[in-house]
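Accompanying notes for the structure given below.
The values are calculated or read from the model by the stated rules, or taken from the named source; none is laboratory data. What you see is a predicted model; the values in this text were computed from it and never measured. Because the Cβ atoms are built from the backbone with ideal geometry, glycine has one as well, and the counts that use them run over all protein chains shown. Surface areas here come from the heavy atoms of the whole protein model, side chains and all, with no ligands, DNA or RNA. Shrake-Rupley method; radii C 1.70, N 1.55, O 1.52, S 1.80 Å.
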Amino acid sequence: MTSTAQRQELQAKIWRIANDVRGSVDGWDFKQFVLGTLFYRFISENFSRHFDAEEGIVYASMTDDVITTAIKDDAIKTKGYFIYPSQLFVNVAKTANTNPNLNTDLKKIFDAIESSANGYPSEPDIKGLFADFDTTSTRLGNSVTDKNKRLAAVLKGVEELDFGNFEDNQIDLFGDAYEFLISNYAANAGKSGGEFFTPQHVSKLIAQLAMHKQTKVNKIYDPACGSGSLLLQAKKHFDNHIIEEGFYGQEVNHTTYNLARMNMFLHNINYDKFNIALGNTLIDPHYGDEKPFDAIVSNPPYSIKWIGDDDPTLINDDRFAPAGMLAPKSKADFAFVLHALSYLSSKGRAAIVCFPGIFYRSGAEQKIRKYLVDNNFVETVIALAPNLFFGTSIAVNILVLSKHKTENKTQFIDATGEDFFKKVTNNNMLEDKHIEKIMEMFDNKQNVEHEAVIIDNNKIAENDYNLSVSSYVEAKDNREQVDIKLLNSEISKTVEKINALRTSIDAIISQIEN
């Protein structure tokens, strides 16, 4: 079986399990149990593999009492956490259908895995990982028996999934399965799900824009990381190079923050290579001591409210002070943009998904655009096709920021045409050929009729610092071309025929009357 066929079969099975087991529970509410179980199996097998390789034994068959303090200490320093043999997924799943204490046993195991990192450098990366996998939740059933029955069904279902040989492909398949589940839950949950997940095809484009022609980056950062999909696409795109100091992100939603950390582990990024923080990026930013970053990727929430000038100290914040203006309280979009710019290194790029309105509205947003253009920070604005994201049909833009431009010009790319996306059911998607076409235009910075244009920043200033792609890239006229002279000639001939016909009819009527 090919890897593609194996992946498709695995995805079909895991989605069927997710739907069959949840019963009457809403899919969005039930996602934590399926995703959490998949994660539990992954870290169990990943941990067992570490011991099997190091000690030349089958760790799952060992008894807990042979584990010494030294063995445990060494494992936590390496993997970031510890799991006793009896706590492994494979051993818990064996008796899942007959264990009357399954829900409480799982809670104890999850608590033990998290607490195993206490006092170690990995503690902040492990703490609370299973917080949303509530084995006592009424969503699983009203009685302990009902809860155990549903938990056992999820465990047995995930146990049956064939991830192949761990050494060959299991990490990729685990990660792909996890992202497949997240994307399907997001697609079926409308706005509540889509807001934290950037589809892989869009993430791929954003990652390539941020890291274009960089042979290595110090670290990569997403200030509104959601489930971590953008950071992980950067890892996939940059596997042959070096992200030297790891992956950084911040997320305000606690459940999504946990998903992001799980996602890092599932893609085999060890605890010492990622830093995901919980909190509001705009008013409680983390990683100020870690900046600057060579690559920044982000799909921040569109036009959300924030405190803005209600907090008079923010105008003196290093992130916003250079612009001399705060984003409007009702629209925080440019607050995220200025935050990213502040964290960007002199050699790097930031690629940010933006709501189109911020590029032409007046007031504070216009003044912030003036700051960005006058200081030559805007490299490219790309208009994408509509319906690329879950939960919204908006045709969004990608803003590419750079601090190392050599020309005082800005590029505009119109990627809304039919040559830039594929229609798939209710959504559109970017195929590799579409991404390659956009990247080629981004790279060569040449004018392409109806698709790309380079504009001098002075002209943008004269146009009130409007950064809308449609203001500079002339749309292709798809209306049918009409030859007026030919049309008039044909009309004249038609009129002559009508007049001749009328004359003939009049003659016939005259004969009848006589």
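Brief remarks follow.
- Considering the stretch 330-356, and only residues there that are in a helix (DSSP H, G or I) and among the small types (Gly, Ala, Ser), the residue that is farthest from His212 (Cα to Cα) turns out to be Ala335.
- Looking across the stretch 312-329 at every residue that is open to solvent by less than 70 Å² (accessible area, probe 1.4 Å) and in a helix (DSSP H, G or I), the one that is nearest to Glu251 (Cα to Cα) is identified as Leu314.
- Of the residues making up the stretch 296-314, those that are at pLDDT 95 or above and aliphatic (A, V, I, L, M) are Ile296, Val297, Ile307, Leu314.
- Every test in (1) free of Cβ contacts under 8 Å to residues at least 40 places away in the same chain; (2) open to solvent by 50 Å² or more (accessible area, probe 1.4 Å) is passed by Ser346 save one, and that test is (1).
- A Cβ distance below 6 Å, combined with a sequence gap of six or more or placement on separate chains, defines the contacts here; from the stretch 228-240, residues that are under 12 Å from Met211 (Cβ atoms) reach residues that are among the polar types (S, T, N, Q) and modelled with pLDDT under 85 in the pairs Leu230/Thr198.
- Of the residues contained in the stretch 166-184, one or more are found to be more than 30 Å from Phe442 (Cβ to Cβ), at pLDDT below 75 and open to solvent by 50 Å² or more (accessible area, probe 1.4 Å).
- Looking across Ile109, Ile67, one residue alone is open to solvent by less than 40 Å² (accessible area, probe 1.4 Å), under 26 Å from Phe274 (Cβ atoms) and among the β-branched types (Val, Ile, Thr). It is Ile109.
- Criterion violated by Asp294 - all others in (1) over 22 Å from the mean Cα position of the chain (by Cα); (2) under 25 Å from Asn376 (Cβ atoms) satisfied: (1)
- Residue within the stretch 304-311 that is touching a residue at least 40 places away in the same chain (Cβ under 8 Å) and open to solvent by less than 60 Å² (accessible area, probe 1.4 Å) present: no
- Scanning the stretch 251-301 for residues that are touching an Asp or Glu at 6+ places or on another chain (Cβ under 7 Å) and either open to solvent by 60 Å² or more (accessible area, probe 1.4 Å) or hydroxyl-bearing (Ser, Thr, Tyr) (or both) returns Thr255, Tyr257, Tyr271, Leu278, Ser298.
- Strands (runs of 3 or more DSSP E) contained in the stretch 372-447 and holding at least 1 residues open to solvent by less than 40 Å² (accessible area, probe 1.4 Å) and among the hydroxyl-bearing types (Ser, Thr, Tyr): 378-384, 397-402, 409-415
- Some residue of the stretch 223-238 being over 26 Å from Ile394 (Cβ atoms), modelled with pLDDT under 95, open to solvent by less than 60 Å² (accessible area, probe 1.4 Å) and under 17 Å from the mean Cα position of the chain (by Cα): yes
- Residue match in the stretch 330-337 (condition: surrounded by fewer than 21 Cβ atoms within 10 Å (Cβ to Cβ) and over 18 Å from the mean Cα position of the chain (by Cα)): yes
Each row is one residue, and each column tells you yes or no for (1) among the polar types (S, T, N, Q); (2) free of Cβ contacts under 8 Å to residues at least 12 places away in the same chain; (3) at positive phi.
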{"site": "Val424", "(1), (2), (3)": "no, yes, no"}
{"site": "Asn427", "(1), (2), (3)": "yes, no, no"}
{"site": "Lys433", "(1), (2), (3)": "no, yes, no"}
{"site": "Met441", "(1), (2), (3)": "no, no, no"}
{"site": "Asn444", "(1), (2), (3)": "yes, yes, no"}
{"site": "Val448", "(1), (2), (3)": "no, yes, no"}
{"site": "Val453", "(1), (2), (3)": "no, no, no"}
{"site": "Ile460", "(1), (2), (3)": "no, no, no"}
{"site": "Tyr465", "(1), (2), (3)": "no, no, yes"}
